[in-house]
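The values are calculated or read from the model by the stated rules, or taken from the named source; none is laboratory data. As the structure is a computational prediction, the values presented were derived from the model and not from experiment. Ideal geometry is used to build each Cβ from the backbone, glycine not excepted, and the neighbour counts take in all protein chains shown.
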């Protein structure tokens, strides 16, 4: 009887040892998980910004003379050609001034002719000794004075003729009138600065966006980089452009340093207008038809039961597949109780390496180390599996533990 007691006691002890040894695995096996799936698709890294659409070349047209606007020949959105008459100033005052200047010119010409005749006569008399040198010099001085007065009168006429030419406001370029800031009958004064009458956009089929990019992102922006954008009036239509210039002058917006980036845009459809606000995405990196993992799987925090079961596997795989530069710190963290927690067990991995949990064909927990490529807020590109055993599209990846009801 005693013998059987000892046998039963031994069986109970062995059962207890086996139970406690495999308790974590049994608990882990009984856990119910939530899953997401590996999928193939496209992924990209972007930098977001906003900017304003502008014509590539705009010209402000004004008047160089003061006066009253007699006639305006163009209006908003009119197409104009180089040299086309846009507006005309009132010429009454200018024509009156021209008549007065021409009369003064005629007087100066008569005085010049008279002084020339006197000089020629006095020169002959001086040569024969009839008059003194002083009298001859006075005659010469009168001629030179009359000649200068005639030149001044001629310049005054030409000046008024040029002003009359300026009274006809013409377009310096071919383009579209985007602004008209004057009306017929309005008086403009050009004494200190040229008043702007019209603004002409040269070619609205080609436009540009001036985008403000934060200093933390400007390093990603390069000339030739592609960008896509939307405008409020066409929220579902995507437009594209290309970076043509990065301006070095910093601009402070709300105490944040920004740099202005110029994006060239094709506007053949004429849908875009100057002044529109563009919501821009600069396309930094693109990967097409690659394996993608949902970031919830990378953020998943295993419980203590899972950590206890997976620890030997983490040590084995860490030694086998992690680079030598990372391996010692990772192994140390796994073997250190304070560091081996759900929040910290992956902290020693660099940003380009991560991992997630799966269940293998036998229903056991496994951990896969992966090399990360492009990463967005939702998904990450799997560049490679460090154990060289790839998973297929559609593989279930653990991203949570079901709560007990």
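Keeping to region 151-175, report how many residues are out of contact with any strand residue (DSSP E or B) (no Cβ under 9 Å at 6 or more places or on another chain), surrounded by 14 or more Cβ atoms within 10 Å (Cβ to Cβ) and farther than 25 Å from residue 187 by Cβ. Total meeting the criteria: 3.
Is it true that some residue in region 200-215 is within 33 Å of the chain's Cα centre (by Cα) and more than 26 Å from residue 272 (Cα to Cα)? Checked against the condition, which is being within 33 Å of the chain's Cα centre (by Cα) and more than 26 Å from residue 272 (Cα to Cα), region 200-215 yields at least one hit.
Residues in region 136-158 that are touching a residue at least 24 places away in the same chain (Cβ under 8 Å) and under 60 Å from the mean Cα position of the chain (by Cα): 152, 153, 154, 156, 157.
Report yes if residue 271 is assigned by TED's automatic domain parsing to the domain that holds residue 33 and out of contact with any helix residue (DSSP H, G or I) (no Cβ under 8 Å at 6 or more places or on another chain), otherwise no. Against the criterion (assigned by TED's automatic domain parsing to the domain that holds residue 33 and out of contact with any helix residue (DSSP H, G or I) (no Cβ under 8 Å at 6 or more places or on another chain)), residue 271 does not qualify.
When region 36-51 is filtered for residues that are over 22 Å from residue 241 (Cβ atoms) and part of a strand (DSSP E or B), the ones remaining, listed by number, are 36, 37, 39, 40, 41. The one condition from (1) at pLDDT 95 or above; (2) closer than 28 Å to residue 173 by Cβ that residue 259 does not meet is (2).
To keep it simple, each residue is scored yes or no on (1) at positive phi; (2) surrounded by 13 or more Cβ atoms within 10 Å (Cβ to Cβ); (3) part of a strand (DSSP E or B).
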| position | (1), (2), (3) |
| --- | --- |
| 331 | no, yes, no |
| 339 | no, yes, no |
| 345 | no, yes, no |
| 351 | no, no, no |
| 372 | no, yes, yes |
| 387 | no, yes, no |
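Suppose the filter is in contact (Cβ under 8 Å) with a residue 40 or more places away in the chain and out of contact with any helix residue (DSSP H, G or I) (no Cβ under 8 Å at 6 or more places or on another chain); does residue 101 pass it? The answer is no for residue 101. Each residue in region 261-286 was checked for being touching a strand residue (DSSP E or B) at 6+ places or on another chain (Cβ under 6 Å) and either in a loop (DSSP other than H, G, I, E, B) or within 23 Å of residue 396 (Cβ to Cβ) (or both), and 4 of them qualify. None of 187, 194, 233 is surrounded by fewer than 16 Cβ atoms within 10 Å (Cβ to Cβ), more than 14 Å from the chain's Cα centre (by Cα) and under 21 Å from residue 77 (Cβ atoms) except 233. Remark: pairs (first residue in region 244-258, farther than 19 Å from residue 227 by Cβ; second residue modelled with pLDDT under 95 and assigned to a loop (DSSP other than H, G, I, E, B); Cβ separation under 6 Å; 6+ apart in sequence or on different chains) = 257/215. Taking the conditions exactly as written (at positive phi, surrounded by fewer than 11 Cβ atoms within 10 Å (Cβ to Cβ) and not in a strand (DSSP E or B)), does residue 224 satisfy them or not? For residue 224, the condition - at positive phi, surrounded by fewer than 11 Cβ atoms within 10 Å (Cβ to Cβ) and not in a strand (DSSP E or B) - is met. Within region 343-400, the set of residues being closer than 13 Å to residue 314 by Cβ and in contact (Cβ under 8 Å) with a residue 60 or more places away in the chain comprises 356, 357, 365, 386, 387.
Assigned by TED's automatic domain parsing to the domain that holds residue 249 and in contact with a helix residue (DSSP H, G or I) (Cβ under 9 Å, 6 or more places away or on another chain): is that true of residue 261 in this structure? So residue 261 fits the description; yes.
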